[in-house]
Every structure is written in C-alpha cells, then in structure tokens.
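The structure appears right after this line, and notes come after that.
The values are calculated or read from the model by the stated rules, or taken from the named source; none is laboratory data. Not measured: the values here are computed from a predicted model. Cβ atoms come from the backbone with ideal geometry, glycine included; neighbour counts cover every protein chain shown. All accessible areas refer to the heavy atoms of the entire protein, side chains included, with ligands and DNA or RNA removed. Shrake-Rupley method; radii C 1.70, N 1.55, O 1.52, S 1.80 Å.
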Amino acid sequence: MVTEVASCTFDRLELDSGVTIAPVEVAYETYGELNAARSNAVLIVHAFSGDAHAAGEGGWWSSMIGPGKAFDTDKYFVICSNVLGGCRGTTGPGSVNPETGCPWALSFPQVTIADMVRLQKMLIDHLGIGRLLTVSGGSMGGMQALEWAVTYPDRVASAIPIATTARHSAQQIAFNEVGRQAIMADPDWNNGNYYGGRLPGRGLAVARMVGHITYMSDESMREKFGRKLRTPDQFEVESYLKYRGYKFVDRFDANSYIYITRAMDTFDLTQRGALPTLFEANEARFLLISFTSDWLYPPYQSLEIVKALRGRNCDVAYCNLDARYGHDSFLVEVEQQTEVVRGFLASTFREAAANV
Amino acid sequence: MPSVHGRRDFAIIGELIEPKTRVLDLGCGEGELLAWLKEHKQVDGRGVEMEGARVQKAIARGASVYQGDLESAVEDYPDQAFDYVVLSQTLQETRYPLAVLRGMLRVGKRAIVAFPNFGHYSVRLAWLLSGRAPRTDRFPYDWYDSPNIHFLSVLDFEALAETQGWKVERRICVAGERQVTWLPNLMAEIAVFEVSAGAGLKPRPIGHPG
C-alpha cells in the first residue's frame, strides 16, 4: 500500500465564531494512488479521539482501509487528516500561539464541526481534488461527513455517515460533560495551563474510562469481562478501564478533549433549518449505517436523518446492522459493514465514471 | 417469457417499466429487480426491505435500499416522487393493503402490483376437496405459519380498483411460462396489474388504516 505521511500549512482559517487562526497546520496521511481522472478520492474523517493514522500498522480503521478492504486502497485514494482542535499534528489548543510564543491552552478559539470540515476542504483543494468519491466516518466522523454533504454537496459524490447523529441528545452531552468535569477537577488542571508541567492525567484518564463504558454494550462487557477478577481485590473490568484510561493520557491532550467534545455537543444541523430542507435537491448518494446495540448513538438518530433524506427523495441507503459491540461496532465488528460499504462504493464509482 | 433471477413477475415488471424512470420497489428483497432495472433500463431506483440480511445484500449490489417497514415507509416519500411504485408478491402479506395501495398511488404515478391469484383453480380444488386451508404451489404454507394474511384474486383486485376509481392501465396474467388471456381468474397463477389513480381522480389521503 502506497502510504504518505504529510502535513500542510495554510495562511489562515476563518472560524464560525468570526475569529481567524493564522497560520493553521493540518496533519494528514494518504493511502493508495489518485487516478488520472482524480475521481477515486475518499476522505475518511475520524471520530473524537482518532487521528490521521487511519490505515496500516496501528491505524484506527485499518480493519476497513487497505488492499482488498472496504475502502480498497488498490482502487481508491484514501485521505485522512487530524481534525482542527486536535493534538496529533493539526493546530489545536496545545499548539503554540505565534503571537505569544506559548501554547494556546484555553485561549484557543472555540472550534466547530463546520470549522473542522472547512479546513478539510482546504486540504482537498490543495490536493487538487474537485469531487470526492465519498466522505466517510463514524461517530464524530459521521457528523463531519454530514457537514460535508450539506455544506459542499457538489464536492462529494456520496457520503457514508456511520453511527452518528444530526445533533447530540442530552444524554450524549451529559457524558461529555462528565469527561470535561473530571479533567477540570484534576489538581494539576491549572485552568488548562499545564504544558511543561504535570498533566491533568488522572482527570483525563477518568474521562476516558467513562467514554469507554459508553462505547461498549452491556452484552459485550459481560462477554469480555463478566465478573472475572484480575487480582483478588480487583475486577477485570476495573483493570481494563484504568489501563485504557492511563494509556490515553500518553497520546491525548486534555485541552483537546475539552475543545473537541464541545464541538460535538454544539453541532446541530437543525439550527440551519429543518433537516429535510437541508437536503433539498442534494444529488449526492448517501449510505447511513447504525448498529442494534449502539446505545450512545442509537439507531433512531440515524433514522431521523434517513427520514429527512427520503422525504426529499434523495438517493439514500440505510441499514441497521446486527452487532454486539455497542458504539464500538463500527471499529471492531466490520464484516457486514465491509460488505455494504464495498458494494455501495463500487456502484457509486461506476456511476460517477458513467456520468463524466 | 424470460425470467429475471428466476422470477417471472420480475420479467413482466421489467418489461412494463419504461427506461430512465424513477422506481420505488417496496419489499425489494435482495435488490435483484432494482439491479436489473438499473443495468437494463437505466432506472433511478430505491427500495424498501425489512429483513437486515437482505438489505445488506441489496446495498452490496449497489441498490439504494432502506431498511424498514414498507407500510410506514411509503408515507415518508413526497407526492408523485416516482414514475412507478412496485409491490411484488407482498400485497397479500401487508397488514393494511388498501392503505399501502393508496400510498403507492400518492408517491408514484403508476403502481405495479404482482400477487398470487387466490382464484386459481388449484386453490379452489384444494379447498373443495380437502375442506382445509388450501396449500398449493403458489400458497405452500400451513395456515399457522403463512406470511399471507390476505387472500385475493384477479377479480377481487379489479373490483377494488373500480370502487376506488383507479384506472387499470395494464393487466398481465400468467400460468407457468405462459401468458393467460382465457378465464384469467381461474387460470392465472400470478397477476400483475399496472394501475394509475385515474383521470382527474386524486388518490384519497391516507387516513387511519383499515
């Protein structure tokens, strides 16, 4: 698989809030090769804690991206970039503010899902791609895919939003707020100015532990841990959550946690109009996927979007896949997902080629 | 008459549908008809199917299929969004057939309905001779595990069309590989009707079903 790890700097990015970030850097990776017609480009958009490293060794969606996989890198040119506000190479609160020479921390402007997508579009322009074959992602990635389809409908032949929503419910906001409060309750929080000192690692780890619970299902937790003991006085599940929590601290910035969860919570497509009106005359193809055991982004949230698309007679396919792993299903239970994504993508590619 | 994926009703429907039209297939299964129509008639198709495994196969085949209940799904599409709305071998399984048919004529200019004819002589004979719920080639189920919850014949459908003011544009009756014109209500195994709402006649809004 031809792989490129790169980054690119733009002079400025205007945000929804009216604030401008200048300059702004975006880290991205590409897999496979762009064809001569530039018609085989696929943008993968990552979920809350993801990064640009989507495929290959240790890639967060390597089960779906690669030679012969759902996003087949022998056929498609796959791009994935780290989101704005992130901490994995793209400008975020941990980056240095050029005006002060210090990390932005909480002085970093609030960013939105639309801001993230605007930066991705600059990258796609920079790569010389007129129209993406598809933009796809799960969870917060699904929000970005929807944002792409609504804001730049003529730049995408299709969108594949997975296990996502047009807006967070009170329950989803509530879990995010618990995570933020855990971070801010850490004695080392120091109002976000912890760079160069002790990190609010305990708070961030607790936030991640709560997150992991919401990504699993009752069934998958029973199956994986049950009431097994790790040591005489510690359950397996406790040990697992602590391990995942503290591992997260090594690769994730607490301020990014706060900024990105806020961007998810404030995302609300319906603020721009009733959902059906947003899809009026949208000519992109859509494939939405939800999972039966996903209680964090329940199927009804996908169905709301699908109903709006059908109400405007848009070209939409939808399936609710039988899965046991809760919200994590889009990452770990990929067999059925692969079948539908592969077929959908192949037919979209055929049609796009026929319409050129 | 050739078959499509081993289905004669598909072959007939495939012939009725004009090229480059918009088609909604209710109860589309694995999307065989939609895929055939797309390839041979450049149709812009959509499907509705309840069963997950079938939906996955249909989407994998390239069909734009929605996983859901067809009876409520038909209500979500805008008026006259399709040239044809197809309901093949499913009418007898729906809970409120009249509501479904009205919905089809609201969202589509034409409804194409294929169903097994309960007036076929084999059904009548089976019933007459056994005195039990008839089981035939077309109705192979025991009464207690049959998906069929309504039984209708060619004449029943025509009577309904008349009372509703619908216009029967075409009617094709088949038995085995042959088309039937003589005594269709007695001889036809499968009937395919192409129906429109009729000249100047608006389909009634969908009220409370039943």
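Relative to 2.2 N^0.38 Å, what does the C-alpha radius of gyration of chain B come to as a ratio? Two decimals please. Mind dumping the intermediate values first?
On the way: Rg = 16.6 Å, N = 210, 2.2 N^0.38 = 16.8 Å.
The value comes to 0.99.
Size of the dipole of the protein assembly as shown about the Cα centre, Lys and Arg at +1 and Asp and Glu at -1 on the beta carbon, nothing else charged, in debye to 20?
Numbers: 57 positive and 67 negative charges, 134 e Å.
Taking the Cα centre of the protein assembly as shown as origin, the dipole is about 640 debye.
Using alpha carbons only, how many angstrom separate the centre of the range B:77-127 from the centre of the range B:147-196?
10
With each label point set 7 Å from Cα along the Cα-Cβ vector, what nm distance links residue B:125 and residue B:20?
Reported label-point gap for residue B:125 and residue B:20 is 4.9 nm.
Counting only protein heavy atoms and a 1.4 Å probe, tell me what percentage of the range A:171-265's accessible area is made up of carbon and sulfur.
On the way: 2620 of 4890 Å².
With neighbouring chains kept in place, the figure for the range A:171-265 is 54 percent.
Just which residues of the range A:313-356 lose 40 Å² or more accessible area with every protein chain there, against their chain alone, with the probe set to 1.4 Å?
A:313, A:315, A:318, A:339, A:340
Over the Cα atoms of the range B:105-190, compute the convex hull volume and normalise it per residue, giving Å³.
Numbers: hull volume 10.5 nm³, N = 86.
Taking only Cα atoms, the range B:105-190 has a hull volume of 122 Å³ per residue.
With every protein chain present, what accessible area does residue B:38 have (1.4 Å probe, heavy atoms only), rounded to the nearest 10 Å²?
The accessible area of residue B:38 comes to roughly 70 Å².
In whole Hz and in residue order, list the ³J(HN,Hα) couplings for the range A:207-224 that follow from phi through the Karplus curve 6.51 cos²θ - 1.76 cosθ + 1.60, θ = phi - 60°; x for Gly and Pro.
Result, ordered by residue: 4, 5, 4, 4, x, 4, 4, 6, 7, 9, 10, 3, 5, 5, 6, 4, 5, 6 Hz.
So how do A:221, A:264 rank on accessible area, 1.4 Å probe, biggest first, that is with the largest at the start? Write down the numbers at each step before the final one.
Numbers: A:221 45, A:264 10 Å².
Largest to smallest exposure gives the sequence A:221, A:264.
For the protein assembly as shown, what value does the Rg/Rh ratio take when both radii are computed over Cα atoms and Rh is the Kirkwood radius, given to two decimals? Show your work: numbers first, answer last.
On the way: Rg = 27.5 Å, Rh = 26.0 Å.
Value, to two decimals: 1.06.
Under the definition of Cα pairs under 8 Å and six or more residues apart, what whole-number percent is the relative contact order of chain B? Don't jump to the answer; show the numbers that get you there.
Values: 397 pairs, mean separation 38.5, N = 210.
So the answer I get is 18 percent.
On each of the three principal axes of the Cα atoms of the range A:59-203, give max minus min coordinate, whole Å, ordered largest first.
Largest first, the range A:59-203 extends 50, 38, 30 Å along its Cα principal axes.
Probe of 1.4 angstrom, ligands and nucleic acids ignored: what's the accessible area per residue over the range A:171-265, in square angstrom?
Result: 51 Å² of accessible area for each residue.
If N is the number of residues in the range A:141-191, what value comes out of its Cα radius of gyration divided by 2.2 N^0.38 Å? The partial results should precede the final answer.
Working: Rg = 16.3 Å, N = 51, 2.2 N^0.38 = 9.8 Å.
Its radius of gyration relative to the 2.2 N^0.38 Å reference: 1.66.
Each label point is 7 Å from the Cα along the Cα-to-Cβ direction; what then is the distance between the points at residue A:271 and residue A:243, in nm?
With each label point 7 Å from Cα toward Cβ, the separation is 4.0 nm.
Tell me which of A:292, A:277, A:207 sits at the most positive position along the dipole axis of the range A:181-339, charges placed on C-beta atoms (Lys, Arg +1; Asp, Glu -1).
Of A:292, A:277, A:207, it is A:207.
Step through the residues of the range A:229-240 one at a time and calculate ³J(HN,Hα) from phi using the Karplus curve (6.51 cos²θ - 1.76 cosθ + 1.60, θ = phi - 60°), rounding each to whole Hz and writing x for Gly and Pro.
With coefficients 6.51, -1.76 and 1.60, one gets 9, 8, 10, x, 10, 9, 6, 4, 5, 5, 5, 4 Hz.
Taking a 21 Å limit on the Cα-Cα distance, which of the listed pairs A:69/A:121; B:20/B:109; A:121/B:38 fall beyond it?
Details: A:69/A:121 25 Å; B:20/B:109 15 Å; A:121/B:38 32 Å.
Result: A:69/A:121; A:121/B:38 exceed 21 Å.
Quick check on the range B:50-173: what does the Kirkwood estimate of hydrodynamic radius come out to from the alpha carbon pairs, in Å?
Numbers: mean 1/r = 0.0616 Å⁻¹.
Kirkwood hydrodynamic radius for the range B:50-173: 16.2 Å.
Counting only the heavy atoms of the protein chains, how much of residue A:272 is accessible to a 1.4 Å probe, in Å² to the nearest 10?
Its heavy atoms expose roughly 110 Å² to the probe.
Report the relative contact order of the range A:105-188, percent, no decimals, based on alpha-carbon pairs under 8 angstrom and at least 6 residues apart. Walk me through the intermediate numbers first.
On the way: 78 pairs, mean separation 21.5, N = 84.
Answer for the range A:105-188 is 26 percent.
Return the long-range amide H neighbours of residue B:198 (sequence gap of 5 or more, or a different chain), with a cut-off of under 5 Å between placed amide H atoms.
It is B:167, by chain and number.
Roughly what % of Cα-Cα distances in the range A:171-265 sit above 16 Å, to the whole percent? Present the calculation step by step, with values, prior to reporting the outcome.
Details: 2571 of 4465 pairs.
Distances greater than 16 Å cover 58 percent of the Cα pairs.
Using amide H atoms built in the peptide plane, which far-off residues or other-chain residues are under 5 Å from residue A:53 H to H?
Long-range HN contacts for residue A:53: none found.
Using 0.36 nm per residue, how much length does the chain from residue A:37 to residue A:184 gain when fully extended, once their Cα-Cα distance is taken away? Walk me through the intermediate numbers first.
Details: separation 147, 0.36 × 147 = 52.92 nm, distance 4.98 nm.
Full-extension gain reported as 47.9 nm.
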